[in-house]
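I have placed the structure first, in the form of C-alpha cells, so that the comments after it can refer back to it.
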Amino acid sequence: MPSPPGRKRENTKRALSGPMPLHLALDRVARAVEAFRRGNSVTITGVGAGQILAFAVETASDALLAALKATERSPALLLLTHARARTLKIRLYTPDVVAVLPELPLRADDLRAIADPTADLSSPLKGPFDTLRKELPENFAASVKLAKLAGLLPSTIVRPVKTGTKARAVISSSEILGYEDAVLQTLRVVTRARVPLEGAERTELVAFRAGDGGPEHYAIVIGAPPTGSPVLTRLHSECFTGDLLASLKCDCGDQLRGAIETISKAGGGVLLYLAQEGRGIGLINKLRAYRLQDQGFDTIEANERLGFEADERLYGVAARMLGLLGYKSVRLLTNNPDKVAALEAAGVGVAERVSHAFPDNEHNRAYLRTKAEKAAHLL
C-alpha cells in the first residue's frame, strides 16, 4: 500500500561495512555520485548478493547500453521506485523498488521515456511491463538511492558484473544506504560572521559543512537567544525560485522573510537554511514537477509521478545544527506537523508549535490547498 502523502520516509540506520574510515567511505559515495552524473557505470556490492553494474537512466547513453550486451538469457533490468511504478500501472511484487525487463535492444531514449513523466504526453504508449516477482537484493534499491543522491531521476539499469568488467566507481550498498547517517557525523561549523539584515540588524550567519563535499547549510541566528530555554526556530528548506526570484508558485519567499521578521520581533531565535531544494528532490527535479503541475497534477502527485515520495526531506541535519549551536529544545515556527514529529524523532524537544502562515495568491492557491488537504499542513 502507498504511504500517506506527507508522511516522512524512515531514515534507516545502517552501519557502514568494514573497518574503512568514515572519510574514505564518504569519498566512495562522492565518486559514485559523480560517475552517475557523468553517465558512467558503478559497481555495487551487497550483503548476500553478487555485484551489479549500475547506470543512471537519466544519463545513460546508447553506447553504454550496447556495451551491456543484454539478451533475453542474460538480461539487464530497469529499476523504478514504487511511486513511479504506480503511475505506470505496474504491479508491486517487491519492496523498495520494482525490476522491469525492458524491451531489447536497449535504447536510452526509450528508457528515459519510462522513467521521466514529463515525457508521458509525447510518449504515452508504455507497457505492458514484465516485472520480476522474486526478492531483489539490496544493492538494487541502493542503486536507485544513488541516483537520488546524484540529483537524478530515481531510476537505474542494472545487470550482474561479468568477469573483467571495469566500472568508474566501486561501492557497497551499505555505504549508499547509510550515507545520510554517516554524513551527519562529519557536519561542522566552518565559520560565522555578523550580517545585519533589514529588520534584524543583530544577526549572525553560521555556515556548516559536511565531509562529503556537498552543499553547505546555514543558520541565521537573530539576537542572542539563550541555550537554556526552547529557542524560537524556523526550519527553512532552500527554494531558489521562491527565496531568490520571488516566485508566486509557492509561499517559500514569504515564509523566509516572514520568519526573519517574526523571530526579530520576538527578541531572537534561529532560522536554519537547509540545502534541501524541492522537498529534497533538487532544483532540476522540482522544475520537472512544475511542468507536471502545468499539466494538471498537484504538487504531491507531481513528485510521486517523478518517482519520489511526497516529501524526501530528512531533518537529522537540522537536529545536528541545533546541537552544534548549543540548543536542545525549540519553539518551532511551522504549519507542518511532520516537521514537529521528525525533529523530535531526531532528538530535539519541541516545546511548542508556533503558527506560520501567509496570504495566498492566484498562482499558489491550489498548491496551498493541496498542502492542507493532502499533507495535513495547518494553514
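For the reader, a short list of remarks on this structure follows.
- Taken as a whole, the structure places LEU132 among residues that are surrounded by fewer than 21 Cβ atoms within 10 Å (Cβ to Cβ) and aliphatic (A, V, I, L, M).
- Positions within the range 50-75 being more than 23 Å from ARG31 (Cα to Cα) and hydrophobic (A, V, I, L, M, F, W, C), in sequence order: ALA66, ALA70
- The set of residues in the range 163-187 being touching a residue at least 60 places away in the same chain (Cβ under 8 Å) and over 30 Å from VAL206 (Cα atoms) consists of THR165, ALA167, ARG168, ALA169, VAL170, ILE171, SER172, SER173, SER174.
- Any hit, the range 165-178, residues being closer than 28 Å to ASP294 by Cβ, out of contact with any Gly (no Cβ under 6 Å at 6 or more places or on another chain) and among the hydrophobic types (A, V, I, L, M, F, W, C): no
- Some residue of the range 58-73 being touching a strand residue (DSSP E or B) at 6+ places or on another chain (Cβ under 8 Å) and hydroxyl-bearing (Ser, Thr, Tyr): no
- The number of residues in the range 86-99 being touching a residue at least 12 places away in the same chain (Cβ under 8 Å) and farther than 25 Å from VAL161 by Cβ comes to 6.
- When residues in the range 284-330 are screened for being buried (at least 18 other Cβ atoms within 10 Å of the Cβ) and either outside the structural domain of LEU272 (by TED's automatic domain parsing) or closer than 28 Å to ALA207 by Cα (or both), 18 of them pass.
- Residue in the range 222-229 that is surrounded by fewer than 15 Cβ atoms within 10 Å (Cβ to Cβ), under 23 Å from GLU352 (Cβ atoms) and among the β-branched types (Val, Ile, Thr) present: yes
- Taken across the range 350-367, residues that are of a type in the set (A, V, I, L, M), in a loop (DSSP other than H, G, I, E, B) and not assigned by TED's automatic domain parsing to the domain that holds ILE90 do occur, with at least one present.
The values are calculated or read from the model by the stated rules, or taken from the named source; none is laboratory data. Not measured: the values here are computed from a predicted model. Note: ideal-geometry Cβ built from the backbone for every residue, glycine included; neighbour counts use all protein chains shown.
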